[in-house]
Structure formats: C-alpha cells, structure tokens
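Next up is a structure, given as structure tokens.
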Amino acid sequence: MRVIVTGSSGLIGSAAVRHWDAAGDQVIGIDNDMRSTFFGPDGSTRWNQTQLESETQNFRTESIDIRDRDSILDLFKNETPDLIIHCAAQPSHDKAASIPFLDFEVNAVGTLNLLEATRSHAPDAVFCHMSTNKVYGDAPNELPLNEHPTRWDYARQEDYHGIDETCRIDQTMHSLFGASKTAADVLAQEYGKYFGLKTGIFRGGCLTGASHSGVELHGFLSYLVHVAVTGKPYTIFGYKGKQVRDQIECSDVVRAFEAFAKNPRPGEVYNIGGGRENAASVLECIALIEEISGHRVEYTLGDENRKGDHICYISDLSKLRRDYPDWKIRVSLREIVSQMIASAEARRDTT
C-alpha cells in the first residue's frame, strides 16, 4: 500500500509515518517546514524530519508546498496513493490574524488541491482530513458552566461528555484560523457526500505528544512543558487559567485514522480528543507537570482571553466509539506529560 502524509514532519503526520512505515507500507511525506515560516526557528520541524528519515525503512519526504497545485497533481498522478493522511496546516488560532492570505491559502486552498488530486488520480483512496474543534468557533462557550477552584466545567449533566458533532459551525466567532479550517472541513465533507470520495473528517481537540514542536501561539501543553524544563516564564491568557482542554496523544489519533481506513464512511465527521478522562485545565496541567518533573512553572495570569477561545472544551467521543468500537484512548494524560517531559529534557541536554 502507498500512503501519502501531508505535514509529515509535524506531530500527527510523523506519528502516521511511523505507523504505516512499521506496517511495511510505502510512505511519502509532503512537508516543506512551513512551521518555521509561521513561528520562526523554534517552530521548525526539520529536526523531526531528520529523525524520521533515520528511523524508517520505506519513507521519503517531498518538499512540496500544498498550495502548489501542479506539483500536488503530478505527485498523485505519478505515485497514486491508496491512503492520504492530510495533516498539513497553518495551525495557530492567533497567528492567522497577522497572515490571513497565507492562512487561508494553506488551510483551505491547499486542502482543495489535495482533494481534487485525489478525485482526479486516486478516486478509490481513503482520505483522512485532520480538522479542528475551532470549526465550532465560540459556540461551545454558550453552554452553562460552573466555576470550580481549578477549572471550569459543564453545569448540566447532559453536557458531561462534552461537545458532539451536532454543535453548530456557523454564526459564531471562529478566529480566521477557525474560518479557514471550517472551509477545509466542509470541502472534505463535500468531496465525500457529493463526489463519493472516501473522506473522513476528524475534528481534533488538543493533539499532543513528545514530538510536538510547541510554541507560545500553538501547542499549549508542549510549550508549557518546554517552559517548565527550560525555566522560561509563561503567560496564561484569560479565564484565570481554569480553561479546560482534553489532550490526546498522537498515536491514538493515528489509530482512529487506521480504523476509518479499514471501514470508511464517506464524508463523515468525528470529534477526536482525549475526552473526559484526559481533560484538565491549564492550572491542573501546571500542577501535574510540577508533580511529575519537579520543575516549577513561573507563570503570570493575563486578564485578556484569546478571541473566540474555548472556556471549557471536552470532545464527546460517542460517535467515533459507536462507529469504530475497537478504537479507544490508550495513552493517559499522566503518560502524555511524562513522555513530553522526558523528551524536553533530552532535547535541552543536547542543545
């Protein structure tokens, strides 16, 4: 089987590369390290590409910009894939406001290029699109919440398991990032429902893992571990640090792609995150990092929250679990944090 992975040096992309390479499949990565353009040298994933290429047997990277339609079409024509894992994106909620054209071109137009290349040259392939919970904008903030000493949480019992796929995606403030990803999300749905492609849309909560190149504007848990290990200061943006996120380790995301690829449901949408069991507030994550590592996090509380940011977001995984009952969360939040601390300390000691 031939697998094309976009954003192959990033968090989810690299996990997908490792997964299908280990299965003996031919894996072609598309990655031109645009994270260094978005976030500067600290956001570069080049180190992860080098590591991947040294560890794998059947993998190579093509330095293609997904906005380059002709190059994408040529690749799909000449090396027709059986499976596409689309993870490449401009991923920052905040950064998008300063680069609106680039953000939309990468997230929306780049996705269209890949979908059309699939329709033209690989119509029988499965296409897994990594979307985001930001397609819901700030609609989740309309749910009634209770404030507790270290977190916000849903006030009603019917909301206990979190946000499901019926949450609306329009008439809500998304951020420009959320808007461009919504365009990509709907396009991927349409290529499934209208053209019959085997597209699956996965709306991620906080996706994380030891290979995450977190920066202040994206990848909060990874960046939080980084500042703890290196002794840098940390700023919490609004909500008293009680805002809640559900963390899912990258390998658990890839297993969901694998389950879908074996039994695709064209145009279907799934929320994917850590769920209730892996949910924690920023303050609770700081306490867990300090407990496990012994590193103290020096943080300040900012008064202003990020526009359109979620106060409490937990992914309701009921639909994914219903359609793919063998899939489950395997990596706990404590395990995630422990792995990230070990990785951050190793990288600190070698730089």
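The values are calculated or read from the model by the stated rules, or taken from the named source; none is laboratory data. Only a predicted model underlies this, so the values are computations on that prediction, with no experimental measurement involved. All Cβ positions, glycine included, derive from the backbone under ideal geometry; neighbour counts span all protein chains shown.
If TYR191 meets every condition in (1) farther than 21 Å from GLY238 by Cα; (2) of a type in the set (Ser, Thr, Tyr); (3) in contact with a Ser or Thr (Cβ under 8 Å, 6 or more places away or on another chain); (4) in a loop (DSSP other than H, G, I, E, B) apart from one, which number is that one?
Unmet for TYR191, out of (1) farther than 21 Å from GLY238 by Cα; (2) of a type in the set (Ser, Thr, Tyr); (3) in contact with a Ser or Thr (Cβ under 8 Å, 6 or more places away or on another chain); (4) in a loop (DSSP other than H, G, I, E, B): (4).
Quick grid of which residues meet (1) out of contact with any strand residue (DSSP E or B) (no Cβ under 9 Å at 6 or more places or on another chain); (2) of a type in the set (Asp, Glu); (3) closer than 22 Å to CYS250 by Cα:
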residue: THR37; (1), (2), (3): yes, no, no
residue: GLY40; (1), (2), (3): no, no, no
residue: TRP47; (1), (2), (3): yes, no, yes
residue: THR50; (1), (2), (3): yes, no, yes
residue: LYS77; (1), (2), (3): yes, no, no
residue: ILE85; (1), (2), (3): no, no, yes
residue: ALA89; (1), (2), (3): no, no, yes
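Something else now. Any residue at all in the range 19-31 that's touching a strand residue (DSSP E or B) at 6+ places or on another chain (Cβ under 7 Å), assigned to a helix (DSSP H, G or I) and either aliphatic (A, V, I, L, M) or modelled with pLDDT under 95 (or both)?
Step one: of the range 19-31, the residues touching a strand residue (DSSP E or B) at 6+ places or on another chain (Cβ under 7 Å) are 20-21, 25-31.
Pick out the ones that are also assigned to a helix (DSSP H, G or I) and you get 20-21.
Those still in the list that are either aliphatic (A, V, I, L, M) or modelled with pLDDT under 95 (or both) too: none.
No, every residue in the range 19-31 fails to be touching a strand residue (DSSP E or B) at 6+ places or on another chain (Cβ under 7 Å), assigned to a helix (DSSP H, G or I) and either aliphatic (A, V, I, L, M) or modelled with pLDDT under 95 (or both).
While we're here: Inside the range 93-164, counting only strands (runs of 3 or more DSSP E) that do not spill past its ends, which hold 1 or more residues that are among the aliphatic types (A, V, I, L, M) and over 30 Å from ASP70 (Cβ atoms)? Steps first, answer last, please.
On the way: elements: 126-132, 145-147, 152-154.
Hits in the range 93-164: 145-147.
Just a yes or no: is a residue in the range 328-347 outside any loop (DSSP other than H, G, I, E, B), within 23 Å of VAL135 (Cα to Cα) and within 16 Å of the chain's Cα centre (by Cα)? If you could, list the steps in order and put the result at the bottom.
Residues of the range 328-347 outside any loop (DSSP other than H, G, I, E, B): 333-347.
If we keep only those that are within 23 Å of VAL135 (Cα to Cα) too, we end up with none.
Within the range 328-347 (the criterion being outside any loop (DSSP other than H, G, I, E, B), within 23 Å of VAL135 (Cα to Cα) and within 16 Å of the chain's Cα centre (by Cα)), the answer is no, since none of the residues qualifies.
Scan the range 286-329 for residues that are of a type in the set (A, V, I, L, M, F, W, C) and without any contact (Cβ under 8 Å) to a residue 60 or more places away in the chain and report the count.
Counting residues in the range 286-329 that are of a type in the set (A, V, I, L, M, F, W, C) and without any contact (Cβ under 8 Å) to a residue 60 or more places away in the chain gives 2.
Next question, about the same structure. Taking into account only those residues within the range 41-64 that are in contact (Cβ under 8 Å) with a residue 40 or more places away in the chain and assigned to a loop (DSSP other than H, G, I, E, B), which is nearest to THR6 (Cα to Cα)?
Among those that are in contact (Cβ under 8 Å) with a residue 40 or more places away in the chain and assigned to a loop (DSSP other than H, G, I, E, B), it is THR45.
Can I ask one more? Name, by its number, the condition in (1) more than 26 Å from PRO325 (Cβ to Cβ); (2) assigned to a helix (DSSP H, G or I) that does not hold for SER251.
(1)
Among GLY178, GLY200, which is the only one that is in a helix (DSSP H, G or I), crowded, with 17+ Cβ neighbours inside 10 Å and either of a type outside the set (Gly, Ala, Ser) or in contact with a helix residue (DSSP H, G or I) (Cβ under 8 Å, 6 or more places away or on another chain) (or both)? Don't jump to the end; show me each part of the working.
Working: GLY200 fails: in a helix (DSSP H, G or I).
It is GLY178.
Let me ask you something else. Looking at the range 288-295, can you tell me whether even one residue there is within 19 Å of the chain's Cα centre (by Cα) and either in a helix (DSSP H, G or I) or at pLDDT 95 or above (or both)?
Within the range 288-295 (the criterion being within 19 Å of the chain's Cα centre (by Cα) and either in a helix (DSSP H, G or I) or at pLDDT 95 or above (or both)), the answer is no, since none of the residues qualifies.
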